[in-house]
Amino acid sequence: MAALPLALRNVTVTAASGRGLLNIPDYTLPAGQSLAILGPSGAGKSTLLHVLSGLRRVSTGSVHWGATDLATLTETRLSAFRRRHIGQIFQDFLLFDEMSALENAAVARQFAPGPERAEILRRAVQSLTSLGLDPQETRRATTYSGGERQRIAVARALAQGPDVLLADEPTASLDRTSAERLTDDLLAAAQRTGLSLICVTHDPALATRLDRTLRLAHGAPEMSHAA
Ligand SMILES: Nc1ncnc2c1ncn2[C@@H]1O[C@H](COP(=O)(O)OP(=O)(O)OP(=O)(O)O)[C@@H](O)[C@H]1O
Ligand SMILES: [Mg+2]
């Protein structure tokens, strides 16, 4: 694991209709820093997160994580890069309902080369435990509460041993206490492993605890990243 700096240059994303969805001339985030992406609904926050993970291709420009420009990678290399370096927490968690907490947290084993599988399982057990969940419980993911499901999704992202953790509104469906606990957990994980944490959020309590803020309006930065 090595911390990765982020550099966006002349990034645009244009929809098939020709409508511009994202326009970021220049943005950098030093390795290991945390960032809150803010802005109104439809501003392009999730689109930017997908660009950062490589799930969405840019129309122009470059997206550098360290020396790697996602825009130049083939699909195969992009998938490999994502699996090796980027953990994602989706707003609706995307857990496998029939699987246990541990099976969900360690699901990356199924796509990983043999030698990496034991390590993924070890990190899944460790992450679940540190998030207050019992890795030995065999009940299905559907039986967990919303906050617990969110923490299973966090454990799954951490089990990959990512250098970058991308989270789309990670506290949106939680009450204040659970949101604060999850924020503590995310920041502790970031500190422990040195990863870069990037959260799309409407939650000011989460945003103020991150190092930097990037506010989007109509797909473009509203102010300098040193907010
Ligand atoms: N493939 C697409 N084709 C056309 N428009 C798209 C496409 N994907 C996203 N959009 C539009 O781009 C805009 C930005 O979407 P995005 O999901 O990034 O917003 P957001 O900032 O995450 O909003 P929210 O806070 O509601 O989640 C929206 O108006 C959306 O409808
Ligand atoms: Mg969104």
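The values are calculated or read from the model by the stated rules, or taken from the named source; none is laboratory data. It should be emphasised that the depicted structure is a prediction, and the values quoted were computed from it without experimental measurement. With ideal geometry, Cβ positions are generated from the backbone for all residues, glycine too; neighbour counts draw on all protein chains shown. Just the protein is used for accessible areas: all its heavy atoms, side chains included, with ligands, DNA and RNA removed. Shrake-Rupley method; radii C 1.70, N 1.55, O 1.52, S 1.80 Å.
Structure values in brief
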| quantity | calculated |
| --- | --- |
| Residue in segment 33-51 that is away from ligand 1 (no atom under 16 Å from the Cβ) and either within 19 Å of the chain's Cα centre (by Cα) or at pLDDT below 95 (or both) present | yes |
| Qualifying residues in segment 1-17 (those that are small (Gly, Ala, Ser) and open to solvent by 50 Å² or more (accessible area, probe 1.4 Å)) - the one farthest from ligand 1 (Cβ to nearest atom) | ALA2 |
| Test for ALA188: is it away from ligand 2 (no atom under 16 Å from the Cβ), touching a residue at least 24 places away in the same chain (Cβ under 8 Å), part of a helix (DSSP H, G or I) and open to solvent by 40 Å² or more (accessible area, probe 1.4 Å) | yes |
| Selection count, segment 191-206, where residues are open to solvent by less than 10 Å² (accessible area, probe 1.4 Å) and either away from ligand 2 (no atom under 16 Å from the Cβ) or at pLDDT below 95 (or both) | 5 |
| Of all residues in segment 162-182 being modelled with pLDDT of 90 or more and closer than 20 Å to ALA101 by Cα, the one that is farthest from ligand 1 (Cβ to nearest atom) | PRO162 |
| Out of ASP168, ASP211, ASP185, sole residue that is more than 22 Å from GLN126 (Cβ to Cβ) and over 13 Å from the mean Cα position of the chain (by Cα) | ASP211 |
| Test: residue in segment 80-100 that is open to solvent by 20 Å² or more (accessible area, probe 1.4 Å), within 16 Å of ligand 1 (Cβ to nearest atom) and of a type in the set (Asp, Glu) | yes |
| Segment 20-43, residues that are of a type in the set (Gly, Ala, Ser) and either in contact with a helix residue (DSSP H, G or I) (Cβ under 9 Å, 6 or more places away or on another chain) or surrounded by fewer than 17 Cβ atoms within 10 Å (Cβ to Cβ) (or both) | GLY20, ALA31, GLY32, SER34, ALA36, GLY39, SER41, GLY42 |
| Identity of the residue in segment 125-155, assigned to a helix (DSSP H, G or I) and in contact with an Asp or Glu (Cβ under 6 Å, 6 or more places away or on another chain), that ends up nearest to ALA190 (Cα to Cα) | ALA141 |
| Residue ranges of helices (runs of 4 or more DSSP H) in segment 16-124 with at least 2 members touching a residue at least 12 places away in the same chain (Cβ under 8 Å) and within 16 Å of ligand 2 (Cβ to nearest atom) | 45-53 |
